[in-house]
Structures are given as C-alpha cells and as structure tokens.
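Down below is the structure, laid out as structure tokens.
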Amino acid sequence: MSGANGYSILFEPVKIGPVTARNRFYQVPHCNGLGHVRPQAEAAMRGIKAEGGWGVVCTQETEIHPTSDLGPYAENRIWDAQDVPALQLMTNKVHEHGSLAGIQLAHNGHHAMNHLTRAPVLGVSDMPIDSVYPKQARAMDKQDIRDLRRWHRHAALRAKDAGFDIVYVYAGHLMTLPHHFLLPQYNDRTDEYGGSLENRVRLTRELLEETREVLDGHCAVAFRFAVDQMMGPDGMQAAEEGRAVVEMLAELPDLWDVNVADWSNDSQTTRFQPQDGFQQPYTEFVKQITSKPVVGVGRFTSPDLMASLVKKGALDLIGAARPSIADPFLPSKIEQGRIEEIRECIGCNICVSADTLGVPIRCTQNPTMGEEWRRNWHPEKIAAKGCEDTALVIGSGPAGLECAMQLAKRGYDVTLAEARPEFGGRSLRESRLKGLGAWKRVADNRLWDLQQRGNVQMFTDSPMTAQEVAGLEIPNVFVATGSTWHRSSRGRTALASVPVRDLPIYTPDDIMANDLPPETGPVLIYDDDQGYMGGVVAEHLAAEGRQVILVTPGAVASAFTDLTLEQARVQTALLTAGVEIVPLHLLQSADASGATLACAYTARSRHIPCTSLLMVSARARDTELFDSLKQNYGEQFTTLELIGDAAAPGLIADAVYAGHMAARNFERDPAAVDADWFRREIPVLTDMGGA
C-alpha cells in the first residue's frame with residue numbers, strides 16, 4: 001500500500017465541534033522554546049507545519065495568569081489583551097494554509113515556580129513546588145478556585161479574539177491544576193473538590209462547561225487528558241479511574257486528546273520504547289466511550305500504522321509532536337506518495353532537551369527546526385547554486401551526508417568520499433549500540449536522497465591524502481572527517497590525564513567496532529563525558545555478559561540524559577543489568593591491579609579491582625587531512641571548510657546542523673554571513689502603564 005490512494009482515509013476531513021479539520025493529521029501542543037519571547041519565530045515554525053499538511057496545528061501550553069509563571073522557560077502567555085497580537089501572528093500563519101489553530105490554556109499550579117512574577121504559588125494542596133527551589137505552594141481556597149475559573153474564561157475569550165479555532169482544557173503531564181486536582185497523590189482536600197473521584201473531577205468539569213459557554217460555538221473545546229500515569233496501582237490507571245473520568249465527561253468536550261503521564265512517559269525515547277504507537281494499549285478504550293473525535297500520540301512514523309488505527313476505529317486523528325518536528329511535511333509526503341522521503345523521528349529527545357534548557361527548539365533529523373524565521377530556513381526549499389559547479393565532501397557522517405545532500409539539492413555536482421567501507425559515520429556506528437537502533441535513520445534518510453540524484457557520485461573505501469584531494473582539482477572542499485574518542489582521562493571534570501600502566505584501555509569507538517573487553521574480569525568505565533555515551537556502552541557491555549563498573553564524577557550516571565527525560569530510565573536500566581555505579585569519583589591512576597579513585601569532594605581515595613578500563617572522556621578532532629590541505633594546497637581551493645565533529649565535536653544534531661549551515665552559506669559573502677548570524681526579536685520599549 002503506497003501513495004495517496006492507499007492512505008486516502010488519512011486525508012478525510014474531521015468535524016470537531018463547530019470547526020472542521022481538513023485531514024486527520026493533528027500536531028498536538030508541544031513546547032518549542034520560542035513562545036512569548038520569540039513570537040515571530042513561533043508563528044513561522046507553526047506556519048511551516050500547516051504548509052506541510054498538518055490539518056490542526058497547536059501552540060504549546062499557554063499561561064493564563066501571572067500566578068502560573070513558567071519563566072525562564074519561553075512558553076506562550078495569554079495573561080491579558082497585550083498578548084493577543086503575538087498569538088495572532090501564529091493563527092494567521094496557520095490559517096494561510098487552510099489549517100486549524102489550537103491553543104492549550106494552562107495554569108500549572110505547583111509546577112509553576114513564579115520566579116519572574118514572584119506571585120504566590122497556588123496548588124491543589126499545601127506542597128513543595130515541582131522544583132528543587134525551597135518554596136511551597138499553598139492550597140487554593142474557594143476564592144482562589146473562583147479566580148482560576150474566571151482567569152480561564154477570560155483566557156478562552158482572548159484565545160477566540162486571537163483567532164484560535166480550538167481551545168484546550170489541559171489535564172496532563174502532571175503539570176497543570178486540573179490534573180493535580182484529579183490525582184489523589186496531590187489532592188488531599190476534604191471539601192467538594194477532594195476525596196471521591198466525582199469531587200476530584202469537579203474542577204475539570206467546571207472548566208470544560210464554562211469554556212464551552214463563553215466560546216458559544218465559535219471555537220471547539222478540546223480536553224487533553226493523561227489517562228494513565230504508568231505507575232500501576234500507585235497512580236491513575238487507564239483501566240480504572242482513567243476510564244471513569246472519560247465516562248464522566250464523555251460528551252462534554254468537542255475533542256479528546258489522550259496520552260499518558262508524566263512527560264517522560266508520554267515522550268519516551270526509542271532507547272527505552274522503540275515501538276511506534278506505544279501508547280495505544282493505554283488510550284484505545286476512549287473511542288469506545290465517547291462519540292466525539294479522539295486524537296492520540298505515540299511517535300507515529302508509519303503511514304500504514306496510522307491508516308490502520310483509523311480504519312479499526314482506535315483514533316479519529318493522528319496526533320504528533322516529535323514526528324511533526326522531524327518532518328513538518330510528513331502529511332504532504334504521504335499524500336503525494338513520497339513515503340521514502342519522510343524524515344522519520346528517531347526518538348532521541350534532543351527537541352525536549354532544548355525545552356529543558358530553556359532555549360529554542362532543535363532536532364537531529366530536521367536542522368531547520370526553530371530556524372524558520374531566525375534564518376529563513378525552509379525544511380524543503382533551499383536556494384539554487386551560485387557561480388560554482390562542483391563540490392567535494394570528504395566523510396559521510398551526519399555532517400557530511402547533510403552537507404552533500406543540501407549541496408546536491410542546490411544543483412551542484414557533488415562527490416562524496418568515505419574512507420570506511422560503509423556510509424553513515426557515527427550515526428551508523430552508534431546505531432549498533434544497545435537501544436540506539438533508530439539512530440540509523442539519520443543516515444538512511446540522507447543516503448536514500450543522495451542515491452536518487454544524478455548529480456552525486458558516492459565512493460566508499462576511499463581514504464584520501466591531501467595530494468590526492470588536490471589532484472581531483474575540485475575547487476570546493478568540505479572536510480567532515482569527524483572525531484574519535486581518545487584514550488586519556490582528560491574530560492569534562494579532570495583537565496589533566498592520569499597515568500595508566502599495564503591495563504588495556506578501550507574507548508566507545510572500540511565497542512562500536514565490536515572490539516570488546518575480555519570476559520575474564522570487571523571492566524571499569526570512566527565516564528567524564530557525562531553525556532549519553534557512558535550509560536549506553538555500560539548497558540551494551542552488560543548485555544554482552546561483561547561485569548561492568550561505571551565511575552563518574554557526576555552525581556548520577558549520564559547526567560545529560562536528565563535533559564532528554566531519560567535519566568531515571570538510564571539509572572534503572574544500568575542497575576537492573578547489574579552495573580555497579582560509583583558516582584562523585586575521579587580517576588587518579590590505574591594499573592594491572594585496578595583503578596584508584598578519589599572522591600570528588602573529599603579527595604578520599606579508594607581502589608577498585610578491574611581487568612580493563614574504558615575511557616569515555618572527550619573526543620579528538622580528526623583534522624589531519626584538513627590541516628595538510630590548508631598548509632600545502634590552500635591557495636588551490638575556492639572553498640576549504642572543516643565541518644561537523646571535525647570542527648567541534650557535539651551531538652549528532654549539532655553535526656547535522658553544521659553540515660546544513662555549510663551548504664546554505666556556500667557562496668554567500670562571508671561578511672554577510674557574519675553580519676546576519678540570525679535575526680533577533682527585540683522587545684519594543686513601550687511603557688504600557690500597567691494596562
């Protein structure tokens with residue numbers, strides 16, 4: 001089954017209360033680090049998704065009042081009428097392409113820290129705020145609840161004024177007051193808003209009824225609800241109270257947007273949940289209860305699965321956040337029968353990491369994400385070539401593949417040379433590690449594109465010397481030779497290498513090449529990178545039957561993965577696999593007897609026997625070829641550029657971005673490139689007088 005005919009069911013219109021979605025593709029609300037701080041960038045990003053065929057495009061959570069201040073995170077705001085024009089930028093962009101615009105109204109209760117406004121934090125009960133900041137929320141009294149309902153009504157009216165077609169009541173991700181009121185672990189009230197499920201649902205019912213009333217048929221009312229906390233009997237379960245909530249409210253909203261909680265469960269990575277549509281076992285019951293349309297999520301990337309779920313009546317609309325980020329044109333490609341061109345989400349949660357850092361969104365698969373307005377980058381369009389005709393890209397890792405593909409799209413004749421037997425570089429090698437199989441999609445998508453083009457020549461097993469490169473007489477050369485993990489302990493914390501004698505040293509590159517430590521004794525992994533790699537190779541080696549000890553100066557294993565919502569799962573997986581974790585220790589020395597460690601704070605030493613050492617510390621840039629070309633043949637080239645990990649080791653997302661930028665900036669005036677690094681949104685210095 002392929003092409004528009006095979007998937008025609010996905011392009012049927014769906015009535016949602018008083019409005020109609022043009023198809024079944026629904027970009028559910030998701031954060032993007034743009035929001036009220038960068039409204040033009042927000043509008044452009046959402047507009048691109050509408051252009052790409054998403055029938056409904058929603059904002060992220062939108063604060064309805066200063067007592068729900070999520071700063072410094074740049075979500076949307078609809079505190080008062082001053083926020084309407086910025087939001088209208090987004091609705092106008094979405095409407096230009098015939099799509100519906102949705103807004104997710106939110107009051108975050110004790111999840112909001114109110115660092116900017118310094119307002120008192122309002123909660124369902126007295127409790128610490130959802131942060132390590134030593135501050136507590138106070139239980140809302142009856143007047144607070146009346147105020148909340150009033151704020152929500154006014155926000156809904158402002159949303160209508162801003163042009164939104166769908167307005168949300170939001171009870172999900174353990175992040176909002178309606179959800180907190182629903183859950184006994186938060187709600188210990190003894191009044192009519194606490195105790196029984198009927199009482200705990202009361203606030204949600206009031207918000208839904210009042211939102212419908214004030215919108216008066218002008219907008220659809222959606223309810224986003226986490227039916228299961230994935231905590232078993234310790235939390236709400238879909239089979240019990242989750243189902244009961246749906247039964248109580250079945251016909252009240254115009255749309256059910258259902259998922260699981262918390263966010264780390266809703267947005268699981270492929271490392272721990274490789275299955276597309278993984279939420280269906282929790283949410284599929286909803287369609288049996290309500291006659292209203294239902295949208296669900298689960299990192300949908302397969303058009304066959306999407307069509308199957310609609311045909312069997314499990315969903316009315318295919319919801320997506322991350323797949324719509326990886327490929328904003330996913331619906332159009334399905335409709336036009338261009339299935340092979342879809343950039344499938346790899347479930348790495350680099351998009352999520354941007355939000356947890358409070359910076360603009362980014363994506364491993366889609367380097368244009370978040371740059372639609374700032375750099376005027378379009379995911380499917382790129383400027384035609386200039387005066388030059390040919391380019392050579394050396395290295396086929398993420399940077400090299402992306403650079404070669406975009407140069408070819410611009411119309412240059414491209415030669416791609418790879419020293420190894422296979423194309424793909426680190427994305428291919430890392431995909432062979434436990435849990436990272438989906439990462440191969442980074443290479444697969446780009447290789448497929450390059451192989452369709454008549455202006456591309458591709459060579460494997462082609463290591464090149466500087467003399468050989470110069471001999472090709474190609475004037476424009478992009479060197480993407482990558483980096484290698486080095487064998488010293490010099491890393492993020494320890495800036496000097498320590499002595500190691502009579503002990504074999506391995507690196508992640510060895511593990512990726514299947515050169516594993518012997519089974520005769522423990523392998524000690526020293527992780528001073530503190531990214532994802534240390535935990536990945538530890539779990540990989542444990543699965544291969546090795547006894548593994550993971551030592552890190554960090555407080556937890558793979559501290560970076562807290563940004564991708566994985567850290568708890570990483571820690572659990574390692575401990576379950578029998579990995580011994582030794583946090584807060586630095587490597588002092590190692591020899592045949594094992595490793596000597598020092599406490600990161602007291603310097604107290606301890607000795608751990610091991611028979612091999614695996615360093616996960618830092619990476620050495622492979623610049624030998626570039627340096628030789630620049631020194632010996634520099635004047636021969638019009639362009640000689642070092643890109644990707646060879647220029648600055650980072651995430652695969654960083655390498656893809658660097659390759660994309662190199663292709664975009666090729667033949668541009670360097671002064672112009674430097675002058676317009678990207679457009680900034682500058683606040684207007686107007687005193688509104690507290691209006």
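Restricting segment 242-265 to residues that are surrounded by fewer than 20 Cβ atoms within 10 Å (Cβ to Cβ) and among the charged types (D, E, K, R), the residue that is farthest from T283 (Cα to Cα) is E251.
Condition check ((1) modelled with pLDDT of 95 or more; (2) over 28 Å from the mean Cα position of the chain (by Cα)) across all residues:
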| site | (1), (2) |
| --- | --- |
| G482 | yes, no |
| R490 | no, yes |
| V500 | yes, yes |
| I511 | yes, no |
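Listed by first and then second residue, the pairs with beta-carbon distance under 6 Å, at least 6 apart or on different chains, first residue in segment 447-470 and farther than 16 Å from C403 by Cα, second surrounded by fewer than 16 Cβ atoms within 10 Å (Cβ to Cβ) and not small (G, A, S), are T460/P421; D461/P421; A466/N632; A470/Q636. Only one entry of G109, G172, G163 meets the criterion of being farther than 24 Å from G242 by Cα and touching a residue at least 24 places away in the same chain (Cβ under 8 Å), and that entry is G163. Filter segment 353-411 for residues that are surrounded by fewer than 22 Cβ atoms within 10 Å (Cβ to Cβ), over 19 Å from the mean Cα position of the chain (by Cα) and among the hydroxyl-bearing types (S, T, Y) and give the result. Hit for segment 353-411 is T390, nothing else. So G534 passes all but one of these: (1) surrounded by 23 or more Cβ atoms within 10 Å (Cβ to Cβ); (2) in a loop (DSSP other than H, G, I, E, B). Which condition number does it fail? Exception for G534: condition (2). Of the residues making up segment 412-445, those that are under 20 Å from the mean Cα position of the chain (by Cα), more than 17 Å from D622 (Cβ to Cβ), not small (G, A, S) and not in a loop (DSSP other than H, G, I, E, B) number 6.
So which residues in segment 511-527 are over 13 Å from E544 (Cα atoms) and crowded, with 18+ Cβ neighbours inside 10 Å? Listed by number, the residues that qualify are L524, I525, Y526, D527.
Filtered by the rule that a residue be of a type outside the set (S, T, Y) and either at pLDDT below 95 or surrounded by fewer than 18 Cβ atoms within 10 Å (Cβ to Cβ) (or both), segment 175-193 gives P184, Q185, D188, R189, D191, E192. The set of residues in segment 232-261 that are out of contact with any Gly (no Cβ under 8 Å at 6 or more places or on another chain) and of a type in the set (A, V, I, L, M) comprises A238, A239, A244, V245, V246, M248, L249, A250, L252, V260. Test Q288 against the stated conditions and say whether it is on the phi < 0 side of the Ramachandran plot, in a helix (DSSP H, G or I) and free of Cβ contacts under 8 Å to residues at least 40 places away in the same chain. Judged against the criteria, Q288 is a match. The one condition from (1) free of Cβ contacts under 8 Å to residues at least 24 places away in the same chain; (2) closer than 20 Å to A74 by Cα; (3) not in a loop (DSSP other than H, G, I, E, B) that R146 does not meet is (2).
In segment 230-265, the residue that is nearest to H179 (Cα to Cα) out of those that are over 27 Å from the mean Cα position of the chain (by Cα), aliphatic (A, V, I, L, M) and in a helix (DSSP H, G or I) is V245.
Does D83 fit the bill of being free of Cβ contacts under 8 Å to residues at least 24 places away in the same chain and surrounded by fewer than 23 Cβ atoms within 10 Å (Cβ to Cβ)? Judged against the criteria, D83 is not a match.
All of (1) under 24 Å from L428 (Cα atoms); (2) of a type in the set (A, V, I, L, M, F, W, C); (3) buried (at least 22 other Cβ atoms within 10 Å of the Cβ); (4) in contact with a Leu (Cβ under 8 Å, 6 or more places away or on another chain) hold for M615 with one exception: (4). Each residue in segment 458-481 was checked for being part of a strand (DSSP E or B) and farther than 18 Å from G659 by Cα, and 1 pass. With respect to being modelled with pLDDT of 95 or more, of a type in the set (D, E, K, R), in a loop (DSSP other than H, G, I, E, B) and farther than 15 Å from A655 by Cβ, K409 falls outside the description. Among the residues making up segment 332-373, a single one is closer than 24 Å to D676 by Cα and not in a loop (DSSP other than H, G, I, E, B): A354.
Does D449 count as within 30 Å of F272 (Cα to Cα), assigned by TED's automatic domain parsing to the domain that holds G659 and buried (at least 16 other Cβ atoms within 10 Å of the Cβ)? Answer is yes for this residue. In segment 640-655, the qualifying residues are those that are of a type in the set (A, V, I, L, M, F, W, C) and outside any helix (DSSP H, G or I), and the one that is surrounded by the fewest Cβ atoms within 10 Å (Cβ to Cβ) is A648. Of all the criteria given as (1) surrounded by fewer than 22 Cβ atoms within 10 Å (Cβ to Cβ); (2) touching a residue at least 24 places away in the same chain (Cβ under 8 Å), the one not satisfied by S489 is (1).
In segment 514-521, is there at least one residue being among the acidic types (D, E), at pLDDT below 95, part of a loop (DSSP other than H, G, I, E, B) and in the same structural domain as D591 (by TED's automatic domain parsing)? There is at least one residue in segment 514-521 that is among the acidic types (D, E), at pLDDT below 95, part of a loop (DSSP other than H, G, I, E, B) and in the same structural domain as D591 (by TED's automatic domain parsing).
The values are calculated or read from the model by the stated rules, or taken from the named source; none is laboratory data. Just so you know, these numbers come straight off a predicted model, no measurement behind them. FYI the Cβ positions are ideal-geometry reconstructions off the backbone, even for glycines, and counts take in every protein chain you see.
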